[in-house]
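Okay, structure first, notes after.
Laboratory data are not the source of any read-out in this text; all were calculated from the coordinates shown. If you're wondering where the values come from, they're calculated on a predicted model, not measured in any experiment. Here Cβ is always computed from backbone atoms with ideal geometry, including for glycine, and neighbour counts include all displayed protein chains.
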Amino acid sequence: MSHIRIPYENLKLLNKPFESAFKDKFNDFLNSGWYILGNEVAEFEKEFAKYHNEKYVVGVANGLDALILSLKCCNFKKGDEVIVPSNTYIASILSILQCDLIPVFVEPRIDTYNIDPEKIKEAVTSKTVAIMVVHLYGQCCEMLPIQQIADNHNLKIIEDCAQAHGAKYQNQLAGTFGQFGCFSFYPTKNLGALGDAGAIICKSEDDYIKLKQLRNYGSEKKYHNGIIGYNSRLDEVQASFLRVKLPHLDGINNHKRKLAELYQNNLTQKFVKPIIDKNFHNVYHIYNIRHPERDRLKKYLFEHDVDTEIHYPVAPNKQKALINFSSLSYPISEKIHATTLSLPCSFAHTEEDILKVIEILNEFN
């Protein structure tokens, strides 16, 4: 039995390589005397746009706000329908509800955990206005057929990219397929801040101008408020930290991909592993496996000094907050929620850590 505990995540260790640069950035911030929507936010927006080969990025307070403001930007009518995966994190659904829209849950594919394009077709009605795709665990959705469905029915595509920084489908980056690409920089993300932070990629100058107003009280010019807005600004300090880490994003992703490859190549067939497909560049925000005795497996790993997580233990429609949807049945989602287990796979982990986890896993009976 191992005597050194392998944590699921260690944020202090993960951020250690950037500590000195963070301190320099913080000193620059203090000395600048400019604390809200200053140079750091403006420069991060430019750099994040350049990374994606896009023109327009708007920094916001967090990933949930990125989704809400994108929906608000579309001027949908109360009661319009937005298609969303039935197994997503609840934030995707909360954004739809916060905008007085109706979430229409669509099941994922059991092998990719991402929304099933064939099932999207069946869910479109005359009230459907948008598809909110969620690139779950670091793997892009199958965007080509989804774009075709959106084009056929004149629907907007909003991408929830909270778990997909740097992920690609057919060599195109997550966040660049739809009208809006919404990012969270929560500390555990592949590109993580040291607090809450978010951003939106958008395609048109009109949307860019409107999003900048929406995040800042509906104001385009100080003390002049053209629209009903919010207070959802990317923090200047967090933007400065994100600027330190952005040049390292591909390196972070490559490290996680190497760890995932160890799991892929060495875990036995008793575990359901993520599928590998040449069309998808998976950045493994989460490396998950499935097993019919997930809870016993989790306990076994804990007893052998390996910490794991479950993303997510409760299906969204079974959450108390979404009681109105509790009578609906999503068997594929429910199967995923009942069997999925997230293994250590972080920038802070070493290959030695992962080989130890694999050894312990393969001994599970």
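Figures for the structure shown
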| read-out | value |
| --- | --- |
| Rg and Dmax [Cα atoms of segment 171-244; Å; Rg one decimal, Dmax integer] | 13.8, 44 |
| Theoretical ellipticity at 222 nm over the chain - DSSP helices of four or more residues, -39500 (n - 2.57) apiece, nearest 500 | -11500 deg cm²/dmol |
| In sequence order, calculated HN-Hα J values of segment 349-364 (Karplus, 6.51, -1.76, 1.60; Hz; x Gly/Pro) | 8, 9, 4, 4, 4, 5, 4, 5, 4, 4, 4, 5, 4, 5, 8, 5 |
| Alpha-carbon radius of gyration plus Dmax, which is the widest Cα pair, for segment 248-362 in Å | 15.6, 47 |
| Segment 90-160 shape via C-alpha gyration tensor axes, a/c threshold 1.5 | oblate |
| Cα gyration tensor shape for the chain, rounded if a/c is under 1.5, else prolate or oblate | oblate |
| Cβ-based charge dipole, the chain, positive-most Cα from Gly218, His311, Phe180 | Gly218 |
| Computed magnitude of the charge dipole of the chain (debye, nearest 20; Cβ of K, R +1, Cβ of D, E -1) | 380 |
| Sorted by Cβ density within 10 Å, fewest first, the residues Ile120, Ile332, Ile36, Ile115 | Ile36, Ile332, Ile120, Ile115 |
| ³J(HN,Hα), Karplus 6.51/-1.76/1.60, whole Hz, each residue of segment 183-190, x for Gly, Pro | 10, 10, 10, 3, x, 7, 5, 4 |
| Geometric extent, Cα atoms of segment 91-222 - Rg, Dmax (angstrom) | 15.2, 50 |
| Cα-centre dipole for segment 1-106 with unit charges at Cβ (Lys and Arg positive, Asp and Glu negative), debye to 20 | 180 |
| Ranking of Lys189, Lys320, Lys299 by count of other Cβ atoms within 10 Å, fewest first | Lys320, Lys299, Lys189 |
| Residues Val357, Val244 arranged by fewest to most Cβ contacts within 10 Å | Val244, Val357 |
